[in-house]
Every structure is written in structure tokens, then in C-alpha cells.
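The values are calculated or read from the model by the stated rules, or taken from the named source; none is laboratory data. Just so you know, these numbers come straight off a predicted model, no measurement behind them. As a convention, Cβ positions derive from the backbone with ideal geometry for all residues, glycine included, and neighbour counts pool all protein chains shown. Just so you know, the surface numbers come from the protein's heavy atoms only, side chains and all, with ligands and any DNA or RNA stripped out. Shrake-Rupley method; radii C 1.70, N 1.55, O 1.52, S 1.80 Å.
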Protein chains: 2
Amino acid sequence: MKLLDIIDGTPIRYGYRIAFLTNFYREPLLRRMELEHGIIRPEWTVLICLSFRDGLNPRDICEITEQPRNTVSRAVTSLTRKGLIVPAADPADARRKVLRITEAGRAAYERIMPMFVEGERKLMACLTERERGDLDRLLDKLCRAVPGWVGG
Amino acid sequence: MKLLDIIDGTPIRYGYRIAFLTNFYREPLLRRMELEHGIIRPEWTVLICLSFRDGLNPRDICEITEQPRNTVSRAVTSLTRKGLIVPAADPADARRKVLRITEAGRAAYERIMPMFVEGERKLMACLTERERGDLDRLLDKLCRAVPGWVGG
DNA sequence: CAAAAAATGTTCCATATGGAGCGATCTGCG
DNA sequence: CGCAGATCGCTCCATATGGAACATTTTTTG
């Protein structure tokens with residue numbers, strides 16, 4: 001008996017399976033990341049953000065990742081201690097910090113990301129090219145619609 | 001700037017968006033459930049399992065939900081204290097408990113589940129009937145393939 | 001049949017997480 | 001300018017979570 005077997009017995013078939021996939025794709029990788037690289041989820045999300053756009057504030061990262069401020073604050077502290085990012089004063093606003101990813105930070109990102117890429121490859125291996133295209137389009141539509149209903 | 005905006009900058013487009021949808025669909029509902037009904041995630045998964053098939057053991061629930069044993073153990077204890085389930089001795093194996101959902105437990109399930117159904121409705125509202133059919137088929141394929149690669 | 005190994009559920013402990021509130025700073029309005 | 005209110009990041013605290021070890025019971029093995 002597995003979670004899959006009770007999906008047909010629940011009235012939330014879509015939500016259930018999407019959460020199911022997330023559980024099996026993401027959670028094991030997050031645990032491996034912590035074990036093998038000593039990086040935990042909030043730290044990882046900060047690295048991803050800064051890797052995409054350097055010089056963000058903690059506040060920006062809260063907004064992007066929807067994480068609470070204290071969670072981001074802790075991640076910034078620990079990443080700084082590890083030398084993966086460097087916080088600087090924001091000349092325009094003394095309350096803010098400008099966060100910059102270091103070389104070591106980029107290296108950590110480049111070391112960890114392939115793990116998630118490989119996980120995604122396994123996840124998607126069962127689909128044909130055409131099916132991936134369909135899924136891509138559907139996910140895009142679903143994600144773009146989120147801001148319209150979330151919070152309400 | 002939102003998470004959506006950096007999706008194109010990441011090499012894990014599918015995994016990212018699936019996790020994104022889970023975050024916005026499930027997490028707010030779990031928080032509301034705790035606030036309004038005093039039920040937390042592990043308790044909810046136990047209720048779902050027993051609602052689908054009464055008389056399961058904690059061990060079965062661990063297997064179905066992939067939750068650690070101590071988490072399920074705690075959920076069983078608290079649900080019992082709340083009168084939502086009743087544990088009995090398993091005559092076939094003295095180590096095991098047979099868990100049965102109570103009337104109050106079923107009532108709680110019937111009260112909470114509509115919240116998740118409504119959340120799913122919002123999530124899926126952007127898709128046409130045809131697109132839902134496509135997504136249904138794709139999710140089915142993805143989920144069925146999970147046991148083949150998970151853990152490896 | 002006896003001892004080793006596995007299974008089941010619990011407890012202990014370390015840590016991750018989020019809410020609330022704090023001090024410092026900035027903004028808007030008179 | 002001066003003050004009320006908003007914003008930013010941090011700390012405190014309560015709780016959720018998972019790993020490891022434990023006692024009890026069952027299964028396997030010699």
C-alpha cells in the first residue's frame with residue numbers, strides 16, 4: 001500500500017499528486033544537500049537568488065521566496081559565516097544590506113545544482129519529448145495564474 | 001520580483017515549478033488548518049489514510065505517507081487524545097496497534113477536506129477541460145514512475 | 001528449541017521553522 | 001523641521017520535525 005493507491009479515493013487528485021511529486025523530488029535532495037554539502041533549504045534559496053541576480057537585499061529574497069524574514073536573516077548569517085556570501089551596507093538605506101555571492105558561493109552553487117538537475121532528469125525520464133512540451137505549457141499556465149488567487 | 005521571474009534562469013524548470021505550485025497550494029492550507037481546526041500535517045495525513053481505509057497500523061501509515069515512525073507515533077497520540085481516532089491492540093501481533101477513526105474523526109475530515117478541494121479548484125481554474133485531461137494523464141504517468149527511481 | 005535478527009512503536013535529543021515583538025531607520029504629512 | 005507610521009533586519013520563544021537509540025514482540029536460523 002502506497003500513497004499512490006489512495007489517490008483515487010481522495011477528492012483532491014491534482015493537488016495530491018503535485019504535492020506527491022514535490023515530496024519525492026525535492027525532499028530527498030534537500031536532505032542529501034544538507035548531509036553532503038552542509039547547506040540547508042533557506043541557505044539554498046538565498047544562493048539561488050543571488051546566483052540569478054547579485055546584490056539583492058534580504059527583503060527582496062523574502063519577497064521572491066515567500067520565506068519569513070527571520071528565516072532569511074538566519075540564512076544570511078550562516079552563509080556569511082561560511083564565506084559563501086558577503087553582506088555590505090546599502091548606501092541608499094542604512095537599514096538594508098546588499099548581499100553579494102562570493103566565488104566560494106558560486107562554486108557551492110555549481111557543485112549542488114547538478115544534484116537537482118539529475119533529480120529532475122529522473123523525474124521527467126518517463127515522459128516523451130512531446131509530453132514534456134505539454135507539461136511545460138501547463139505548468140507555465142498554472143504558475144502564472146497563482147498570483148491571481150493566492151492570499152485570497 | 002517574484003520566484004516566477006527567476007524560473008527561466010534556473011536549469012530545473014520543471015522541478016522548480018512543481019515545487020512552486022505545491023508551496024502555494026498546500027502550505028497556506030496546512031497553516032489555515034492548524035489555525036482553524038487545530039490539526040497539523042501529520043495528523044491530517046493519518047486522518048486521510050484512515051478515512052480511506054479504517055483499521056490501518058501506524059506502520060502502514062508510515063509506508064503510505066513516507067513519514068518517519070516517530071512523526072506518525074506522535075500524530076496517533078494526539079489524535080487519540082482529541083478523540084478523533086481510537087487505537088486498539090492487534091490480536092495478531094502484540095507490537096501493533098489497530099487504528100480506527102471515530103465519528104468525530106470523520107466529522108473533522110468532512111469539515112477540513114472542502115478547504116483543500118476549494119484550494120485545488122482555485123489552482124486549476126486557469127485550465128480548460130481539455131488541459132485538465134492532459135494534466136491528469138501527465139501527472140498519472142509521472143507519479144507511477146516515481147517508485148522506479150526514488151531511493152536510487 | 002534457543003539464540004540471533006528483524007519489526008514495531010515510543011522516547012530522547014538536536015535542530016529547523018515561523019510568529020511576535022524589538023531597535024534602528026526611513027517616509028509622509030503637517 | 002518634527003512627529004506618526006511604515007519598513008527593515010534581528011532576536012526571543014514556542015513548536016514541529018527527523019535521526020538514533022530503546023524496550024518489546026515476532027520471525028528467522030542453526
To the nearest 10 degrees, how steep is helix A:103-124 against the longest Cα principal axis of chain A, on a 0 to 90 scale? 0 degrees
Using a 7 Å offset from Cα along the direction of the beta-carbon, what are the separations from B:Pro68 to the same position in each other copy, nm, ascending? 2.0
Eligible lysines near B:Lys122 by straight Cα distance, threshold 19 Å, same-chain separation 8 or greater: A:Lys141
Length added when fully stretched, A:Thr71-A:Ala94, from 0.36 nm per residue minus Cα-Cα: 6.2 nm
Values of log10 I(q)/I(0), in the order q = 0.06, 0.12 Å⁻¹, for the protein assembly as shown under a Debye, Cα-only, solvent-free model: -0.23, -0.90
Might you work out the accessible area of B:Thr71 for me, using a 1.4 Å probe with all protein chains in place, and round it to the nearest 10 Å²? 30 Å²
For A:Asp5 and A:Glu63, what is the calculated FRET efficiency with R₀ set at 51 Å and r taken between the beta-carbons, to the nearest 0.05? 0.80
Ordered shortest first, which distances in nm separate the 7 Å Cα→C-beta label point of A:Pro11 from those of the other copies? 4.4
Can you tell me the 0 to 90 degree angle between the C-alpha axis of helix B:69-81 and the longest principal axis of chain B, rounded to 10? 60 degrees
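Share of chain A's accessible area from carbon and sulfur, percent, 1.4 Å? If you can, show how the numbers build up before the last one.
On the way: 4010 of 7730 Å².
Of the solvent-accessible surface of chain A, carbon and sulfur hold 52 percent.
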Measuring from centroid to centroid over Cα atoms, what is the spacing of the stretch B:106-124 and the stretch A:24-76 in Å? 30 Å
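From largest accessible area down, sort B:Cys143, B:Cys126; use a 1.4 Å probe on the protein chains.
Largest accessible area first, the residues go B:Cys126, B:Cys143.
What is the extension gain from B:Asp54 to B:Glu131, computed as 0.36 nm multiplied by their sequence separation minus the C-alpha to C-alpha distance, in nm to one decimal? Display every interim value, and only then the final one.
Values: separation 77, 0.36 × 77 = 27.72 nm, distance 3.47 nm.
Length gained between B:Asp54 and B:Glu131: 24.2 nm.
I want the local charge near B:Thr128. Using Cβ-Cβ distances under 14 Å, sum +1 for each Lys or Arg and -1 for each Asp or Glu among the other residues. Write out the running numbers ahead of the final one.
On the way: positive: A:Arg137, A:Lys141, B:Arg130, B:Arg132; negative: A:Asp134, B:Glu129, B:Glu131, B:Asp134, B:Asp136.
Value of the local net charge: -1.
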Debye calc, one equal point scatterer per Cα of the stretch A:83-152, no solvent, log10 I(q)/I(0) at q = 0.18, 0.20, 0.24 1/Å comes to -0.89, -0.89, -0.95
Test of understanding: express the Cα radius of gyration of the stretch A:1-82 as a ratio to 2.2 N^0.38 Å, with N the residue count. 1.40
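Find the accessible area per residue for the protein assembly as shown; the probe is 1.4 Å, ligands and nucleic acids are left out, and the unit is Å². Write down the numbers at each step before the final one.
Numbers: 15450 Å² over 304 residues.
Here the per-residue accessible area is 51 Å².
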Base-10 log of normalised Debye intensity for the stretch A:1-46 (one unit scatterer per alpha-carbon) at q = 0.19, 0.27, 0.28, 0.32 Å⁻¹: -0.66, -0.90, -0.94, -1.10
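Mean 1/r over all different Cα pairs, inverted: what Kirkwood radius does the stretch A:39-118 give, in Å?
Details: mean 1/r = 0.0800 Å⁻¹.
Evaluated on the stretch A:39-118, it is 12.5 Å.
For a quick check of your reading of the filter: which chymotrypsin sites (Phe, Trp or Tyr not before Pro) in the stretch A:54-151 sit in a DSSP loop and have no more than 11 other Cβ atoms within 10 Å?
Working: sites: A:Tyr109, A:Phe116, A:Trp149; in loops: none.
Answer in residue order: no site qualifies.
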Computed over the stretch A:39-118: relative contact order in percent, which uses C-alpha pairs under 8 Å that are six or more apart: 32 percent
Taking chain A as the reference, fit the longest principal axis to its C-alpha atoms, fit the long axis of helix A:13-37 to the helix C-alpha atoms, and give the angle between the two in degrees, 0 to 90, nearest 10. 40 degrees
For the stretch B:3-145, I need the span (max minus min coordinate) of the C-alpha atoms along each principal axis, in Å, sorted largest to smallest. 55, 32, 28
Largest first, what is the accessible-area ranking of B:Val117, A:Val46 with a 1.4 Å probe? B:Val117, A:Val46
Could you give, in nm with one decimal, how far A:Gly148 is from each other copy of that position, shortest first, with labels 7 Å out from Cα toward Cβ? 3.5
With a 1.4 Å probe and all protein chains in place, put B:Ser51, B:Ser73 in order of accessible area, largest first. B:Ser73, B:Ser51
